[in-house]
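The structure under discussion appears below in the form of structure tokens.
Only the coordinates and a few stated rules stand behind these numbers; no lab work does. A quick note: this is a predicted structure, and the numbers were derived from the prediction, not measured. Cβ atoms come from the backbone with ideal geometry, glycine included; neighbour counts cover every protein chain shown.
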Amino acid sequence: MESSPLTDKNIFPSQEVIFSHIGKSKALWLSFFEQMHKDHPDFAEEWRYYNDGKRWLMKMTRKKKTVFWLSIIPKGFRITFYFNEKAKGRILESPIPDELKDQYINGKLYKKIRGLTVHCGKKSDLASAAALIEIKIALK
């Protein structure tokens, strides 16, 4: 697991701070958030420092439902979703790569949910994240 550069609780992850860590992934970041805010204007993002992991994470929500968690990694970012067993069929039928489907199927079960992480390094990763967002918001 890559370490997060955002470990100082006194340094809020402003755009300037984020861009200093993600480097060339800035264009992907801007593209992702532009499309997401266009498609889901009701989403709310919140950066918070979590003492248990000793780092800053962004929680993206829709009303009271957490859609995904975002973390900054060296030279990029990753988006993590948590799905229950109800999502299995939708995930397997989705257009996401087989590696992500395998990650869900073979992932560790935490009580009744499994994590699924998209490491954003290219445009196709953003398409996978968008597909998983649609699955997440479709589930009740």
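Annotations for the structure displayed:
- Förster radius 41 Å - calculated FRET efficiency between residue 101 and residue 11 (Cβ-Cβ, nearest 0.05): 0.65
- Rounded tilt (10° steps) of 26-39 against the dominant C-alpha axis of the chain: 50
- Of the GluC sites (Glu not before Pro) in the stretch 74-140, those whose Cβ has at most 15 other Cβ within 10 Å and which sit in DSSP loop: none
- Loop trypsin sites (Lys or Arg not before Pro), the stretch 55-101 (other Cβ atoms within 10 Å of the site Cβ: 14 or fewer; DSSP): 63, 64, 75
- A straight Cα-to-Cα reach below 18 Å connects residue 88 with the lysines 101, 108, 111, 112, 136, 140, residues fewer than 8 places away in its own chain not being considered.
- Remark: the stretch 119-124, residue by residue, has Karplus-estimated 3J(HN,Hα) of 8, 8, x, 8, 3, 5 Hz, where x stands for each Gly or Pro and the curve is 6.51 cos²θ - 1.76 cosθ + 1.60 at θ = phi - 60°.
- Spin-label zone in the stretch 109-140 - amide nitrogen under 20 Å from a point set 7 Å from the Cα of residue 66 along the C-beta vector: 109-120, 129-140
- For the stretch 1-55, the list of GluC sites (Glu not before Pro) that fall in a loop by DSSP and count at most 16 other C-beta atoms within 10 angstrom reads 2.
- Backbone N under 20 Å from the residue 19 label point (7 Å along Cα→Cβ), restricted to the stretch 74-96: 74-78
- Derived scalar couplings ³J(HN,Hα) [the stretch 83-98; Karplus, 6.51 cos²θ - 1.76 cosθ + 1.60; whole Hz; x for Gly, Pro]: 10, 8, 5, 4, 7, 3, x, 5, 5, 5, 8, 6, x, 5, x, 4
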